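Engineer: Provided herewith is a single structure, encoded as structure tokens, for subsequent inquiry.
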Amino acid sequence: MIHSRRIASLAATAVALTAACALGADNIVPPIKPGLWQVNSEQNVNGKQMPTATASMQNLPPEVRARMADMMKARGVDMSGAGGTRVCLSRESLDQGQWQSVAKDCTTKIISRSSSSWKWHSSCPQTGVESDGETLFTNAENYTLKMVTTMNVAGKPSISQRTMTGKWLGADCGDIKPVTAKSISGK
């Protein structure tokens, strides 16, 4: 069961990474460059620091780690590097909003949006998950996302605080496929 929880946590991290630029509605295009991004993430749950996705991957048995790495890479997320997770965002996926509507049955409302800051609230009524977030765009090659998520876990309230920083590595994604909502959900 511990491996299932780690895999679920890693998958949740990957889903969050697709929203790392900002969450939105109406195919709002973030002011960032398409290409290969390095995303570093820190998270605490109920005040307790959680291991990074990369660290969690390293703690998996080799065969599970290899399967998970292959599955995530096929979906546009490379978790093999020590410097963070790499994600490929194509111009098409950014323009079409494919990177934003990952969670089924969730709605996102933009609270405010400027050229350098987006704030939003997401609600997932079926799962009881609520999130508030803000993305600060330093420039087209750097952003910082801060998000607070509340949910019930085993009947108890849980608060997750996540900070992600994104740095553009270049236009060429190499062998990493562009991430899309469809590729993450597997549908």
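The values are calculated or read from the model by the stated rules, or taken from the named source; none is laboratory data. Fair warning: this is a prediction, and the values are worked out from it, not measured in the lab. For neighbour counting, all protein chains shown are included, and Cβ atoms are generated from backbone atoms with ideal geometry for every residue, glycine included.
Engineer: Can we say residue 76 is of a type in the set (Gly, Ala, Ser) and exposed (fewer than 12 other Cβ atoms within 10 Å of the Cβ)?
Structural biologist: No: the conditions fail for residue 76.
Engineer: Exactly one condition in (1) without any contact (Cβ under 8 Å) to a residue 60 or more places away in the chain; (2) surrounded by 15 or more Cβ atoms within 10 Å (Cβ to Cβ); (3) over 15 Å from the mean Cα position of the chain (by Cα) is not met by residue 134; state its number.
Structural biologist: (3)
Engineer: Of the conditions (1) at pLDDT below 90; (2) surrounded by fewer than 17 Cβ atoms within 10 Å (Cβ to Cβ), residue 183 satisfies every one except a single condition; which number is it?
Structural biologist: The number of the failed condition is (2).
Engineer: Could you list, in sequence order, the residues of the stretch 154-165 that are surrounded by fewer than 17 Cβ atoms within 10 Å (Cβ to Cβ), more than 17 Å from residue 125 (Cβ to Cβ) and not polar (S, T, N, Q)?
Structural biologist: The answer is 154, 155, 156, 159.
Engineer: Still on this structure, I have one more. Can you pull out every residue in the stretch 130-163 that is modelled with pLDDT under 90 and either within 15 Å of residue 40 (Cβ to Cβ) or outside any strand (DSSP E or B) (or both)?
Structural biologist: Residues satisfying the conditions are 154, 155.
Engineer: What is the number of the single condition among (1) at negative phi; (2) modelled with pLDDT under 90; (3) surrounded by 13 or more Cβ atoms within 10 Å (Cβ to Cβ) that residue 84 does not meet?
Structural biologist: (1)
Engineer: While we're on this one: Report yes if some residue within the stretch 111-129 is surrounded by 14 or more Cβ atoms within 10 Å (Cβ to Cβ), modelled with pLDDT under 85 and among the β-branched types (Val, Ile, Thr); otherwise report no.
Structural biologist: no
Engineer: With the structure loaded, tell me whether residue 43 is modelled with pLDDT of 80 or more, at negative phi and surrounded by 13 or more Cβ atoms within 10 Å (Cβ to Cβ) or whether it fails that test. Break it down into steps so the answer makes sense when it comes.
Structural biologist: Details: modelled with pLDDT of 80 or more: yes; at negative phi: yes; surrounded by 13 or more Cβ atoms within 10 Å (Cβ to Cβ): yes.
Yes; evaluated as a whole, the condition is true for this residue.
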